[in-house]
Amino acid sequence: MAVKLLKYFLIFFVLIMIFLLTKNPYSLKYNALGEKQPDVELYDVKSYNILENGVSSILLANKVERYKNYDKLYIIKALHKSALNLINNLKADQGLLSKNILYLDKNVKYTRSDNLALNTDSLKYDLKNKVLSSRNSFVLTKENITTYGKSFIYDMQKGIIKADKVKTIIRMDK
């Protein structure tokens, strides 16, 4: 009886082992290149900034990777309502947020509800000091005015913009 029970137990054990080996439920992620892995990965991220009078800003991202000292964002869309009741719309393919500085890269487009639009390849925004800057070429449009430039720094609190190699085209309506 004991030998028969041992025989059934061994057959059952072998069948379970074969099943587990063929299923391979666990896999080892070996990082051969030594790339840093994110601590947290988030998908379809929606972040709302809510104040006393309602939602002031919305941030959407297809993917966010959170590391120890920074966050990487992919396919970013942001809406913000300013104190002057202007709606700011920002889109970018990639972003990096580190130490209160937001770096946006690839296909950066900023539009505002008063028909102001800014297009560039990269943008840096200091969240603490409210300074927007770019070292890349940019195109700024508002109604009949189109401005091309090589780089700019815009202090949003003071309303002062400094730009290099600027060319402005003003179209006159007849």
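The values are calculated or read from the model by the stated rules, or taken from the named source; none is laboratory data. Since this is a predicted model, take the numbers as computed values, not measurements. Every residue, glycine as well, gets a Cβ built from its backbone with ideal geometry; the counts of neighbours run over all protein chains shown.
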* To do: Would you please name the residue that is surrounded by the most Cβ atoms within 10 Å (Cβ to Cβ), looking only at residues in the range 70-87 that are within 14 Å of residue 60 (Cβ to Cβ) and over 11 Å from the mean Cα position of the chain (by Cα)?
  => 80
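Residue-by-condition table, conditions (1) out of contact with any Lys or Arg (no Cβ under 9 Å at 6 or more places or on another chain); (2) at negative phi:
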position	(1), (2)
127	yes, yes
133	no, yes
146	no, yes
152	no, yes
155	no, yes
161	yes, yes
165	no, no
168	yes, yes
* **Residue within the range 127-134 that is hydrophobic (A, V, I, L, M, F, W, C), under 25 Å from residue 154 (Cα atoms) and surrounded by fewer than 14 Cβ atoms within 10 Å (Cβ to Cβ) present** => yes
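Table: residues versus (1) assigned to a strand (DSSP E or B); (2) closer than 20 Å to residue 87 by Cα.
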{"position": "103", "(1), (2)": "yes, no"}
{"position": "109", "(1), (2)": "yes, yes"}
{"position": "124", "(1), (2)": "yes, yes"}
{"position": "136", "(1), (2)": "no, no"}
{"position": "146", "(1), (2)": "yes, no"}
{"position": "152", "(1), (2)": "yes, no"}
{"position": "158", "(1), (2)": "no, yes"}
* Asked: Can you tell me which of 42, 6, 15 is at pLDDT 75 or above, surrounded by 10 or more Cβ atoms within 10 Å (Cβ to Cβ) and under 15 Å from the mean Cα position of the chain (by Cα)?
  -> 42
